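**Student:** Just dropping this structure here.
The values are calculated or read from the model by the stated rules, or taken from the named source; none is laboratory data. Note that the coordinates shown come from a computational prediction; the quantities given were computed from them, not determined experimentally. Quick reminder, even Gly has a Cβ in these numbers, built from the backbone with ideal geometry, and neighbours come from all protein chains shown.
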Amino acid sequence: MKLLFIIIFLLPLYFKAQYFELPKLNYSYQALEPYIDAQTMEIHYSKHHAAYVNNLNQSLGKIDQGKISLIDILLKISTKSIAVRNNAGGHYNHSMFWEILNPVIKYKNIRIEELERAIKEDLGNIDSLKSKMNRAASTRFGSGWAWLYVDTDKKLKICSTPNQDNPFMDINPDRGIPILGIDVWEHAYYLKYQNKRSDYLNSIWKLINWEVVSENYIKAIKSPLLAYIEKDSWKPYKEFSILFDQINEEVQKNDFSLLKNKSSELAMNALNLKQSVIPKPFPLDETKKLLDEILKHCNELHKMVNKNTKSDLLNDKLKLIQSLKDKIY
């Protein structure tokens, strides 16, 4: 009876923790034959991908899963554990992979002319895209992925990443929004192709659903995430932002010790930000004015700290700097 009570008590907690779920596969394991065999598909989906989802939920621990999205995790992956990095990447990467391999055309009304035009402008033509993707995939040592992604200038680029990394992640030098990914882990092809990765890569193109890739492209070029990634890749901004956020978080807990110890460093970071090269996507004149204001108020904040100014006034100054920082986009 006692055991039954414990089980009943713990079940809601267990199910609450299962925030991320294995997405439904919209086709049978046999649907990708003869290019990907049914046994590989079943193992890949029901074992490997399922393990990433389960391990991700366990790795997140005490994080309030209801308030954090998979993309949020990926964008700030440098602040997460290796376990979260591997499993969040594995979950996202495979979820996209199943979609772009879908043999059923679900997006019949989606026009692909815009994607075709971008491929021609940025990569030459579709054959060039395939060749460059295959080169990125075949030269990836060990396990990883090859990606077609939209960078912060809204251009199509190609890169490869190790393990389960992807262009969303802030630890990746090639950043942007992925629209097509090719899995080059051996479990994706070894049962059929053994060590012949090049044969697998030549076959995979027969399965690509360009309507889905086109949908991904259209969403990517309209996404505000490109501006976020550009800002996040702006090193002086990121250094300033990390320190400011750390200070502000402590102040919101009514702890002003970090502000008192780091106000000079914050002002120096604001100066470095002011003197840095503003990335292209940001409006130059408007951003310069905002950086001038941020530097001005950070210097004033440092002086206020040295004068032992009241806590509520320090907090007001931080809120003002926060509002200026938020306007940079």
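**Student:** Select, from ASP165, ASP174, the only residue that is assigned by TED's automatic domain parsing to the domain that holds PHE97, closer than 22 Å to VAL84 by Cβ, touching a residue at least 60 places away in the same chain (Cβ under 8 Å) and not in a helix (DSSP H, G or I).
**Tutor:** Among ASP165, ASP174, only ASP165 is assigned by TED's automatic domain parsing to the domain that holds PHE97, closer than 22 Å to VAL84 by Cβ, touching a residue at least 60 places away in the same chain (Cβ under 8 Å) and not in a helix (DSSP H, G or I).
**Student:** Can you find a residue in the stretch 300-316 that is within 27 Å of ASP72 (Cβ to Cβ), of a type in the set (Val, Ile, Thr) and outside the structural domain of GLU116 (by TED's automatic domain parsing)?
**Tutor:** Looking for residues that are within 27 Å of ASP72 (Cβ to Cβ), of a type in the set (Val, Ile, Thr) and outside the structural domain of GLU116 (by TED's automatic domain parsing), one finds none in the stretch 300-316, hence no.
**Student:** A further question follows. Output the residue which, of all residues in the stretch 120-148 that are among the aromatic types (Phe, Trp, Tyr) and without any contact (Cβ under 8 Å) to a residue 40 or more places away in the chain, is surrounded by the fewest Cβ atoms within 10 Å (Cβ to Cβ).
**Tutor:** Going through the qualifying residues, I end up with PHE141.
**Student:** Being more than 21 Å from ILE208 (Cβ to Cβ) and not basic (Lys, Arg) is the filter here; which residues of the stretch 148-190 pass it?
**Tutor:** Once the filter is applied, which keeps residues that are more than 21 Å from ILE208 (Cβ to Cβ) and not basic (Lys, Arg), the stretch 148-190 yields THR152, ASP153, PRO162, ASN163, ASP165, MET169, ASP170, ILE171, ASN172, PRO173.
**Student:** Now, a different point. Has the stretch 233-240 got at least one residue that is in contact (Cβ under 8 Å) with a residue 60 or more places away in the chain and either in the same structural domain as ILE158 (by TED's automatic domain parsing) or of a type in the set (Ser, Thr, Tyr) (or both)?
**Tutor:** yes
**Student:** So, ILE229, is that one touching a residue at least 12 places away in the same chain (Cβ under 8 Å), assigned to a loop (DSSP other than H, G, I, E, B) and surrounded by 13 or more Cβ atoms within 10 Å (Cβ to Cβ) or not?
**Tutor:** No, not satisfied.
**Student:** Something else about it: Kindly indicate whether ILE328 is over 12 Å from ASN248 (Cβ atoms) and either in contact with a Cys (Cβ under 7 Å, 6 or more places away or on another chain) or of a type in the set (Val, Ile, Thr) (or both).
**Tutor:** Yes; evaluated as a whole, the condition is true for this residue.
**Student:** Scan the stretch 213-223 residue by residue and report those that are outside any helix (DSSP H, G or I) and either without any contact (Cβ under 8 Å) to a residue 40 or more places away in the chain or under 20 Å from LEU271 (Cα atoms) (or both).
**Tutor:** Of everything in the stretch 213-223, nothing turns out to be outside any helix (DSSP H, G or I) and either without any contact (Cβ under 8 Å) to a residue 40 or more places away in the chain or under 20 Å from LEU271 (Cα atoms) (or both).
**Student:** Please work out which one of (1) outside any loop (DSSP other than H, G, I, E, B); (2) surrounded by 14 or more Cβ atoms within 10 Å (Cβ to Cβ) is the condition PRO279 fails and give its number.
**Tutor:** That leaves (1) as the condition not met.
**Student:** Which condition breaks for SER257 when tested against (1) surrounded by fewer than 18 Cβ atoms within 10 Å (Cβ to Cβ); (2) in contact (Cβ under 8 Å) with a residue 24 or more places away in the chain; (3) assigned by TED's automatic domain parsing to the domain that holds GLU293?
**Tutor:** Failing condition for SER257: (2).
**Student:** When the residues of the stretch 196-212 are narrowed to those that are at pLDDT 95 or above and buried (at least 20 other Cβ atoms within 10 Å of the Cβ), which ends up farthest from HIS44 (Cα to Cα)?
**Tutor:** Per the stated criteria, the residue is LEU201.
**Student:** I would also like to ask the following. Give the stretch 284-311 a look and list any residue that's more than 15 Å from VAL251 (Cβ to Cβ) and charged (D, E, K, R), or say none.
**Tutor:** ASP285, GLU286, LYS288, LYS289, ASP292, GLU293, LYS296, GLU300, LYS303, LYS307
**Student:** Sticking with this one: Sort through TYR193, TYR217 and tell me the only one that's crowded, with 22+ Cβ neighbours inside 10 Å, of a type in the set (Ser, Thr, Tyr) and modelled with pLDDT of 95 or more.
**Tutor:** Matching residue, one of TYR193, TYR217: TYR217.
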